Amino acid sequence: MSALQVHTLTDATMGLWDRFVEGSSAATFFHRAAWKTILERSFGHRTYFLYAEQGGEVQGVLPLVHVRSRLFGNSLVSTAFGVYGGPAAETVAASELLDRHALAVAERLDVDHVEYRSQKRTRASWACKDSVYATFRRPISANPDENLRAVPRKQRAVIRKSLTGRLVASIDSDTQDFYGVYARSVRNLGTPVFSPAYFRHLKKAFGDACEILTVRADGRVVTGVVTFRFRDTVLPFYAGGTPDARKLGAFDFMYWDVMRRAALAGYRHFDFGRSKRGTGAFAFKTNWGFEPEALCYEYYLRRGTTVPDLSPLNPKYRIFINLWRWLPLPVANLVGPILARSLG
């Protein structure tokens, strides 16, 4: 039998990679091969998508992204701009071999650290940050009424009220209307926005697995969300809304519509995504009856002894965030993508 070897993903082996990802219980949407092209074209980052192969069969994959910034340091991340990552491997041998190759790449690039966005702690010798982020996931029924009854009563009443208003949801074929409300929303939060091209690349690469839903009130877009679909799971990932969206109940209406459509389409798990503890988004998801699951992001530290803290909750970024909120929207949309490429 041939030896287990590590190779780098090419255009010719993307199908081989994705067939493994589709069938591996350890893999997530953020392990898909298309992220390589998306992140290279959208942000200009170098990628190192490694896979372990033996006898023509993939045994594990590890998508690595080199994020280098004067502001935020020099790192190798799996998977940058995603919430899950690290090696997705079927054997211990494949996982260990991918680790060794990742650390070799880290040495060659002279990065400060390697970051695996792991869901559970798997590497006892690495540093672990597990008190910042949580994910929210649960099964959903094929019956939307059962899913609504699963929401706590107080929040269920809010959803029901939103359904009686003048809100209308639609699936868009492009990202233009979504981007308008998303860009404004993240500016208001004090965060640099990604470029419009990034969302176009997502839609082009993932097709129907990347769904854009917008909600309108009297013909005007008030909220929008980009939802990823992977196996039997839907993951509403990027979302934004106008200042009056909460007053209209548009976020509740929007997420309920995503869940309702997913249930009817045969999806059986709803992944509400990652949120930071102590934030409004964290509270919003718990109000829907989702239990937080701590995410353990693992770090191999080549320099220093503590894990990096790039969270907006870090006091050192507070002045910048407060100033960013006051930028005129055209300026924020022009400058934001330059900075956002470093926020992997």
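Does segment 225-242 contain any residue that is surrounded by fewer than 18 Cβ atoms within 10 Å (Cβ to Cβ) and modelled with pLDDT under 95? Looking through segment 225-242, none of the residues is surrounded by fewer than 18 Cβ atoms within 10 Å (Cβ to Cβ) and modelled with pLDDT under 95.
Residues that are among the acidic types (Asp, Glu) and in a helix (DSSP H, G or I) were ranked within segment 150-208; the one that is surrounded by the most Cβ atoms within 10 Å (Cβ to Cβ) is Asp177. Tallying residues that are closer than 18 Å to Arg100 by Cβ and either touching a Ser or Thr at 6+ places or on another chain (Cβ under 7 Å) or touching a residue at least 40 places away in the same chain (Cβ under 8 Å) (or both) within segment 32-76 yields 15. Kindly indicate whether any position in segment 288-309 is assigned to a helix (DSSP H, G or I) and among the hydroxyl-bearing types (Ser, Thr, Tyr). Scanning segment 288-309, I find no residue that is assigned to a helix (DSSP H, G or I) and among the hydroxyl-bearing types (Ser, Thr, Tyr), so the answer is no. Being outside any strand (DSSP E or B) and either of a type in the set (Asp, Glu) or closer than 19 Å to Arg32 by Cβ (or both) is the filter; apply it to segment 57-84 and report the residue that is modelled with the lowest pLDDT. Out of the qualifying residues, it is Thr79. Just one of the listed residues (Ala88, Ala124, Ala102) is touching a Ser or Thr at 6+ places or on another chain (Cβ under 9 Å), over 30 Å from Tyr255 (Cα atoms) and not polar (S, T, N, Q), and it is Ala102. Checking every residue in segment 316-327 against the condition of being crowded, with 16+ Cβ neighbours inside 10 Å, part of a loop (DSSP other than H, G, I, E, B) and at pLDDT below 95 gives at least one match. Residues being of a type outside the set (Phe, Trp, Tyr), touching a Lys or Arg at 6+ places or on another chain (Cβ under 6 Å) and surrounded by 22 or more Cβ atoms within 10 Å (Cβ to Cβ) are represented in segment 80-101 by at least one member. Just the residues that are buried (at least 20 other Cβ atoms within 10 Å of the Cβ) and closer than 13 Å to Phe30 by Cβ, please, taken from segment 209-224. Once the filter is applied, which keeps residues that are buried (at least 20 other Cβ atoms within 10 Å of the Cβ) and closer than 13 Å to Phe30 by Cβ, segment 209-224 yields only Cys210.
Taking the criterion of being more than 21 Å from the chain's Cα centre (by Cα) and either outside any helix (DSSP H, G or I) or closer than 17 Å to Thr135 by Cα (or both), the residues of segment 234-261 that qualify are Thr242, Pro243, Asp244, Gly249.
Any residue at all in segment 262-273 that's part of a strand (DSSP E or B), within 23 Å of Ala26 (Cα to Cα) and of a type in the set (Asp, Glu)? Yes, segment 262-273 has at least one match. Within segment 101-148, the set of residues being within 26 Å of Phe284 (Cβ to Cβ) and among the aromatic types (Phe, Trp, Tyr) comprises Tyr133, Phe136.
Say whether the condition of being under 30 Å from Ala52 (Cα atoms), in contact with a helix residue (DSSP H, G or I) (Cβ under 7 Å, 6 or more places away or on another chain) and of a type outside the set (A, V, I, L, M, F, W, C) is met by at least one residue in segment 191-205. Looking for residues that are under 30 Å from Ala52 (Cα atoms), in contact with a helix residue (DSSP H, G or I) (Cβ under 7 Å, 6 or more places away or on another chain) and of a type outside the set (A, V, I, L, M, F, W, C), one finds at least one in segment 191-205, hence yes. Residue check: is Ser25 of a type in the set (Ser, Thr, Tyr), in contact (Cβ under 8 Å) with a residue 12 or more places away in the chain and not assigned by TED's automatic domain parsing to the domain that holds Phe206? No.
Restricting attention to segment 136-158, the residues that are in contact with a helix residue (DSSP H, G or I) (Cβ under 8 Å, 6 or more places away or on another chain) and closer than 23 Å to Glu293 by Cβ add up to 11. Output yes when any residue across segment 10-19 is out of contact with any helix residue (DSSP H, G or I) (no Cβ under 6 Å at 6 or more places or on another chain), crowded, with 20+ Cβ neighbours inside 10 Å and over 23 Å from Arg231 (Cβ atoms), and no when none is. No, segment 10-19 contains no residue that is out of contact with any helix residue (DSSP H, G or I) (no Cβ under 6 Å at 6 or more places or on another chain), crowded, with 20+ Cβ neighbours inside 10 Å and over 23 Å from Arg231 (Cβ atoms). The single condition among (1) surrounded by fewer than 23 Cβ atoms within 10 Å (Cβ to Cβ); (2) modelled with pLDDT of 95 or more; (3) of a type in the set (Ser, Thr, Tyr); (4) not in a helix (DSSP H, G or I) that Thr37 does not satisfy is (4).
Here is the figure for segment 93-129: residues that are assigned to a helix (DSSP H, G or I), of a type in the set (Gly, Ala, Ser) and out of contact with any Pro (no Cβ under 9 Å at 6 or more places or on another chain) total 3.
The values are calculated or read from the model by the stated rules, or taken from the named source; none is laboratory data. If you're wondering where the values come from, they're calculated on a predicted model, not measured in any experiment. For neighbour counting, all protein chains shown are included, and Cβ atoms are generated from backbone atoms with ideal geometry for every residue, glycine included.
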